[in-house]
Amino acid sequence: MLLNRYKPCATALFLILLQGILYMSATAQVDLGINEFIGERLDEIRIIGNKTTSEEIILREMRTQPGKIISNDDLNADQLRIIGLDLFSRVQFKLKEIEGKRVLFVEVTEEWYIFPMPFWDISADVPHEITYGFRYLQRNFRGRNETFRSSLWGGEDRGFRFTHITPWVQGTPSLTRSIDLRQITRESKNLDIKDLGLESRETMAQVYLGKRWSLEFTSWVGTRFRIVQGEDPRQLASGGEIDRVQEAFIGAAWDGRDLRQLPRRGFYIDAWLNHGWLLNTANRFQRFAVDCRKYFPIGASALCSRISWNPGWGSIPPYDRVVIKESSPIRSSRLSDEGKSFLLASMEFRFDIFDLKYFTWHGAPVFKSHFRNLKYGLAAELFIDVGDAYSNGETIGVQSLQWGYGAGLLLRVPYADVIRIESSWNPDYSLADVHFSWKIGVSF
């Protein structure tokens, strides 16, 4: 059987995890090597290596400023926040005394920011179907950490998308903006019609405007307009052939994590409220979401916890219902559930197998500056997820909860930051029913 071929992979994965647990001894703190300056007043900050990135994009992430007392905790947090911008392959802090002045040198190694590339995806359904297309991604657009994406794809799913994200609108104190335009044609995933092969087309325009109040706290408002077309009345909320949906959003987030790409310390919470109107009917709907995450450092490892609740009320359209399938959003196998609301709890133990290191390809034939300080490392995770998709009037109990557990490797590589390779199981089935997956980024 095909599943039997995966058993050696799962065994090897657990052996690597065991080796990592025995290895854990490294420190999680950033060694700045500048303890002799702690407690003194800083005179100047100089940034080195930012050929593209504006200095103000870096400086706004720092609590350490000229005229303030130098603190080791602030320097560590500042360095991790700059790394969290995801613009640099490496960030180094050095304090030196020059002509009687205490100067903090912030040395950054910029990455390559322009990525035109083809992409493809093979569905997990049988028979397998392929989606293929082309994507253009430009990070750090105009040197201000702006992101511009455009995509065009065909095959099983078809569509296009344009996105522009501005984390700091130029000429404003701290406003953020996001614009998203897209059209997607794909097969409906709702459980009662998933075997009918019905397709729906969604055309959407969305705008968000936010404000960053502090290094940790942000808030936003937004609006979205959608036109959704279907082949069957069961695909739509109006019961006809087309839905016109207008929505308004409001939300806020507190991000106190140490490193966004791979958190091991701190606290994160966000909450938002969505109110929607079906313009071609008198129906309305609301959706609320809150996501709480806490990270407990244990030496070089971390115990990570998460609780997420996403309830919905009113005439939630079928295409907005939460569908649990395969390993998403619960990491498990052979799951199938659907509802207007969703509840999720996760616990994850992360640890290093070997620490983050850097290498430079001195013999690079072109673009030598972009082959400097390329990072690599290997971490691992053990996790357990539990959740439920439910609708109004349904009771959440132990019997209705969906469970999953598993293990994974976290490959720390240049540009992608973290590639997550996971094997997950459902406790209701045998170990032979393992689901393998890979994704970019950590789970939370």
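The values are calculated or read from the model by the stated rules, or taken from the named source; none is laboratory data. Note that this is a predicted model, so its numbers are computed, not measured. When we count neighbours, we look across all protein chains shown, and the Cβ atoms used for this are built from the backbone with ideal geometry, even at glycine.
Of note:
- Scan of the range 39-73 for residues that are of a type in the set (Val, Ile, Thr) and over 14 Å from Lys101 (Cβ atoms), ordered by number: Ile47, Ile48, Thr52, Thr53, Ile57, Ile58, Thr64, Ile69
- Any hit, the range 330-346, residues being farther than 27 Å from Ala237 by Cα, of a type in the set (A, V, I, L, M, F, W, C) and part of a strand (DSSP E or B): yes
- Within the range 233-256, if we keep just the residues that are surrounded by 15 or more Cβ atoms within 10 Å (Cβ to Cβ) and in contact (Cβ under 8 Å) with a residue 40 or more places away in the chain, the residue that is nearest to the chain's Cα centre (by Cα) turns out to be Gly256.
- Scanning the range 270-291 for residues that are among the hydrophobic types (A, V, I, L, M, F, W, C) and out of contact with any strand residue (DSSP E or B) (no Cβ under 7 Å at 6 or more places or on another chain) gives a single hit, Ala282.
- Residue satisfying condition, being touching an Asp or Glu at 6+ places or on another chain (Cβ under 8 Å) and of a type in the set (S, T, N, Q), within set Ser391, Ser327, Ser341: Ser327
- Selection within the range 76-105 - hydrophobic (A, V, I, L, M, F, W, C) and in a strand (DSSP E or B): Phe88, Val91, Phe93, Leu95, Ile98, Val103, Leu104, Phe105
- Lone qualifier among Arg139, Arg182 - being of a type in the set (Lys, Arg), under 19 Å from Met204 (Cβ atoms) and part of a strand (DSSP E or B): Arg182
- Residue match in the range 359-378 (condition: modelled with pLDDT of 95 or more and either among the acidic types (Asp, Glu) or over 23 Å from the mean Cα position of the chain (by Cα) (or both)): no
- Residue within the range 379-387 that is free of Cβ contacts under 8 Å to residues at least 12 places away in the same chain, farther than 22 Å from Arg264 by Cβ and surrounded by 13 or more Cβ atoms within 10 Å (Cβ to Cβ) present: no
- Residue in the range 225-232 that is under 26 Å from Trp277 (Cα atoms), in contact with a helix residue (DSSP H, G or I) (Cβ under 6 Å, 6 or more places away or on another chain) and assigned to a loop (DSSP other than H, G, I, E, B) present: no
- Flag if Val108 is assigned to a strand (DSSP E or B) and touching a helix residue (DSSP H, G or I) at 6+ places or on another chain (Cβ under 9 Å): yes
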